[in-house]
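In what follows, a single structure is set out as structure tokens and then discussed.
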Amino acid sequence: MDSSARAEGAPLAPVLLGAVLGPAVQLQQAALWAGSRYLIVLIAGCALAVAARAGRNRLHGLFRAALWLTAAAACTFATTGLRSAAYIATALDPSLEGRDLRITGIVAAMPQRDDGGTRLRFEVEDAKDADAASVRLPPQLLLGWYNTGPVPAADGRFELQRQSADLRPGERWQFTARLKAPHGNLNPHGFDYELWLWEQGLQATGYVRAGPRDAPPQRIGRTWRHPVEQARHAVREAILQRVTDRRWAGVLAALVVGDQAAIERADWDIFRATGVAHLMSISGLHITMFAWAAAALIGALWRRSTRLCLAWPAQHAALVGGIALAAAYAVFSGWGVPSQRTVWMLATIALLRLSGRAWPWPPVWLLACAAVVALDPWALTQAGFWLSFVAVGVLFATDLGRGAAPAGARQRILATLREQWVVTVALTPLTLLLFGQVSVVGLAANLVAIPWVTLVVTPLAMAGVLVAPAWDLAAWAVQGLALVLQWLAALPFATLSVPTAPLWAAAAGLAGGVLLAMPLPAPLRLLGLPLMLPVLLWQAPRPPMGEFDLLAADVGQGNAVIVRTATHTLVYDAGPRYSQETDAGQRVLVPLLRQAGERVDTLVLSHRDADHTGGARAVLAMQPQAALLSSIEPQHELQAIRRATRCEQGQQWDWDGVRFEILHPLPADYAASPRPNAISCVLRIGNGRATVLLVGDIEQPQEARLVADGAPLAADLLLVPHHGSKTSSSDAFLDAVHPGIAIAQAGYRNRFGHPAPPVLQRYAERRIRVVQSASCGAAGWRSETAGTVACERQRQARYWHHVPP
């Protein structure tokens, strides 16, 4: 790169860097400012830009660069805030939550179906309350139409739903629905569902009321609206009808129309273990490869016409045509956020090339990054954004992302191997930081899967849109790849899991990975190894000897508690099953345990109810050494995975100076064939200075017997019995326990009404602080500071998070 080109690109660097830093700072806000404050910042940023431009001949270069950076950061900070304020102004009115509303609108996207029902994006046209008065709703809703699940009726009873209909995009429907504000579980290092809804433009969720006493859902007719979604839906249905094996049909549907939900959970586990999950959905790689192939084809055809070449250079036509077709593919595949980022990045670089400007790679990289952030500032919170842009930056820096393509086949193969190696080494620390896990076999798996998926599977899957038998060939190709991936995933060393390191260690590790990947002399590259050691060797801090801590995970309607001593870990209950495809173990507990580097010694399942055992299978699969202590019956399905020891009063053990003791049930209770709640395992944990009482779903008769038997119930922290049901938390029991803090694990606006107002009143009368997971998120507690609880919703507060009333 000549010096004139460097001089041309260099002045933009502070502006582009500021354009990224401004939104990054704004995304850290716990609450939005008033619009006037953002306007003041915007005006100040514009004034700084004017000052920097006016002083271009008088100001020192570094000072002028700082002015430009600050001006760009201030302007983009303000515009991101103003966009957020405008968006949040159309949020759901809290007074409408939980009310029956008659809503008319359009099915706006391809519905997602499973055995439990249908999930759909709904574009609101009109809404009325029970009195037929018009109400204002957000423009788009995320609704579920459940097949058979019980829903609460007006008289407090429960009734079954009508079977969900065959919904299609573009259809106009009228539903009775109940809505609530976007609310998700919030756990350390967990998936931020509320941010995902924010990015998708969905400001309320809810479900269709289709019980026998509800006005039936009504299909009003078809419209011309959302033609792309209609086409996607038609193609997905054609794939599912053509490919009889639903497993492979789901992968093809994901590759052609972006329906990732069609891939089975077991297959996702294999794809993640082998590091090829990015290939099984419409990712940036797919869009880039499609753009490259389309550009090559257009360029070859363009060069066959002398008239076209004279009118416009073939390379320009190939560049524009390739990106245009890639954008069309991205739209057809659902226009997901990763696809959008890739299209904007490719378009930015293409415009730069078409302008005839030759910049060094850092400004080009920054320009693409700034363009994506300008269009979607919240992309900065997504792991995919950082993985893709760091990978591109590393390829640029190592001279693999620019320059002429290798000429011979051998050179192309070697270049591909080097590229994959460089990206793998450089991204390993970042992957460990973001996910707590990296695939050891990922390099080998990607060397097979990338060319196979991009050059064989995806072209065949796309060809099936025109020639249906191509889908049969694509399914066979997927099946063959799956055999290889299954073998790799089954290897004992297939994945490496480490505790999530702090930011400073991750930054050092990323620098070490990049240093190892750079084309430098070997002694300099080897300096990257010690920089990576903090990430690889990091151990999460544990309680000191004689102390213990507790994390009540945010799992919605269910119990799940992680207890740690100096060298041991216990999990009490495993949360609910959310659907046939996912549960709290897979979505919450396994990531929490992995990212903390936990080795579970004992899993206690208080009783058999699904909101306590739903995630147990995933936890037991991840923790093969964990003992199972429970009151589940001998024929329970979990007994086939891990034989359970029956919990009985009198069982006790010591870990690191902390005593664990089972207070209930009695051995005789099992013979009485009671309700599952009545034999919940009650666990007391204490070190002589602080005590915790975990009680499952015991009800007032069991509470009364514990009090009458003189059980040692006094505790600093109580897990609220039965999530706050009216059947539990009796006066005598609360007087005996007399905790300072009580944690109620219950879902936001759950159908049972937990915790019940009369129960909360009993706690309030005794000045017991009740911490509800719906408003706290994951709740952390330590025996050294027994009077305080750390709430994840306060610790990681962001303005897009819902604040329950």
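Express in Å², to the nearest 10, the accessible area of Thr788 obtained by rolling a 1.4 Å probe over the protein heavy atoms while all chains stay in place.
Accessible area of Thr788: about 80 Å².
At 37 °C and a viscosity of 0.692 mPa s, what translational diffusion coefficient does Stokes-Einstein give for the range 554-671, taking Rh as the Kirkwood radius over Cα pairs? Give it in µm²/s as a whole number.
Translational diffusion coefficient: 227 µm²/s.
Kindly report, to the nearest 10 Å², the accessible surface of Arg99 as traced by a 1.4 Å probe over protein heavy atoms only.
Number for this one is 90 Å².
Within 10 Å of each candidate Cβ there may be at most 15 other Cβ atoms; applying that plus a DSSP loop requirement, which chymotrypsin sites (Phe, Trp or Tyr not before Pro) in the range 201-257 survive?
Here the sparse-neighbourhood loop sites are Trp224.
Over the chain, with the other protein chains present, what is the accessible area per residue in square angstrom, probe 1.4 angstrom?
44 Å²
Considering only DSSP beta bridges with both partners in the chain, what is the antiparallel share in %, to the nearest 5?
The antiparallel proportion sits near 75 percent.
What does the C-alpha gyration tensor say about the overall shape of the range 167-206? Classify as rounded when a/c is under 1.5, otherwise prolate if a/b is larger than b/c, or oblate.
Verdict is prolate for the range 167-206.
Can you tell me what percent of all Cα-Cα pairs in the range 761-805 are more than 13 Å apart?
That tail contains 62 percent of the Cα-Cα pairs.
Could you sort Leu141, Leu666 by accessible area so the largest value comes first, with the probe set to 1.4 Å?
Descending accessible area places them as Leu666, Leu141.
Alpha carbon centre of the range 689-734 versus the range 240-290: separation in Å?
After rounding, the separation between the Cα centres reads 48 Å.
At a 1.4 Å probe radius, carbon and sulfur cover how many percent of the accessible area of the range 27-94?
Carbon with sulfur: 70 percent of the solvent-accessible area.
Which of the chymotrypsin sites (Phe, Trp or Tyr not before Pro) found in the range 449-486 are in a DSSP loop and have at most 11 neighbouring Cβ atoms, other than their own, within 10 Å?
Sites meeting the loop and neighbour criteria: none at all.
What are the radius of gyration and Dmax of the range 12-135, computed over its Cα atoms and given in Å?
Every Cα atom of the range 12-135 included, Rg and Dmax give 22.5, 70 Å.
Among (1) 12, 33, 32, 17, 5, 0; (2) 13, 43, 35, 8, 0; (3) 14, 46, 34, 6, 0, which one is P(r) over Cα pairs in 20 Å bins from 0, in percent computed from these coordinates?
Comparing each candidate, only (2) matches the computed number.
Leaving out ligands, DNA and RNA but keeping every protein chain, what accessible area does Arg172 have, in Å² rounded to the nearest 10, with a 1.4 Å probe?
The value for Arg172 is about 70 Å².
Could you list which residues have their amide H under 5 Å from that of Ala644, counting only those 5 or more apart in sequence or on another chain, with H placed in the peptide plane?
Here the answer is none, since no amide H 5 or more places off falls under 5 Å of that of Ala644.
Starting from the residue with the highest accessible area, list Lys726, Lys180 in decreasing order, probe 1.4 Å.
Lys726, Lys180
Compute the Cα gyration tensor for the range 271-334, then decide on rounded, prolate or oblate, letting a ≥ b ≥ c be the square roots of its eigenvalues: rounded whenever a/c is under 1.5, prolate when a/b is larger than b/c in the other cases, and oblate in all that remain.
It is prolate, given that a/c is not under 1.5 and a/b is the larger ratio.
Which of the cysteines in the chain are isolated, no other cysteine C-beta under 4.7 Å?
Cys46, Cys75, Cys309, Cys369
Quick check: Cα centre of the range 296-367 to Cα centre of the range 455-522, how many Å?
The distance from the Cα centre of the range 296-367 to that of the range 455-522 comes to 26 Å.
Work out how far the C-alpha atoms of the range 241-351 reach from end to end along every principal axis, then list the three figures in whole Å, largest first.
Largest first, the range 241-351 extends 54, 30, 23 Å along its Cα principal axes.
For helix 284-302, report the angle its Cα long axis makes with the longest principal axis of the Cα atoms of the chain; keep it between 0 and 90° and round to the nearest 10°.
Helix 284-302 sits roughly 20 degrees off the main axis of the chain.
Across 5 Å bins from 0, what is the distribution of all Cα-Cα pair distances for the range 476-615, in whole percents?
Pair shares across the bins are 2, 9, 12, 13, 13, 14, 14, 10, 7, 4, 2, 0, 0.
If you count, for each residue, the other Cβ atoms within 10 Å and average over each peptide, how do 489-496, 515-522, 329-336 line up from highest to lowest?
Per-residue mean Cβ counts within 10 Å order the peptides as 329-336, 515-522, 489-496.
Taking square-rooted eigenvalues a ≥ b ≥ c of the alpha carbon gyration tensor, is the range 471-559 rounded, prolate or oblate, where a/c under 1.5 means rounded and, failing that, a/b exceeding b/c means prolate?
oblate
Show Ile632, Ile43 ordered by accessible area, largest first, where the area counts protein heavy atoms only and the probe is 1.4 Å.
Largest to smallest exposure gives the sequence Ile43, Ile632.
Leaving out ligands, DNA and RNA, and with a 1.4 Å probe, what % of the accessible surface on the range 457-588 is carbon or sulfur?
Answer for the range 457-588 is 74 percent, counting heavy atoms of protein chains only.
The values are calculated or read from the model by the stated rules, or taken from the named source; none is laboratory data. This structure is a prediction, so every number in the text was calculated from the model and none was measured. We place every Cβ from the backbone using ideal geometry, glycine too, and count neighbours over all the protein chains shown. Protein only, heavy atoms only, side chains kept; ligands, DNA and RNA dropped before computing areas. Shrake-Rupley method; radii C 1.70, N 1.55, O 1.52, S 1.80 Å.
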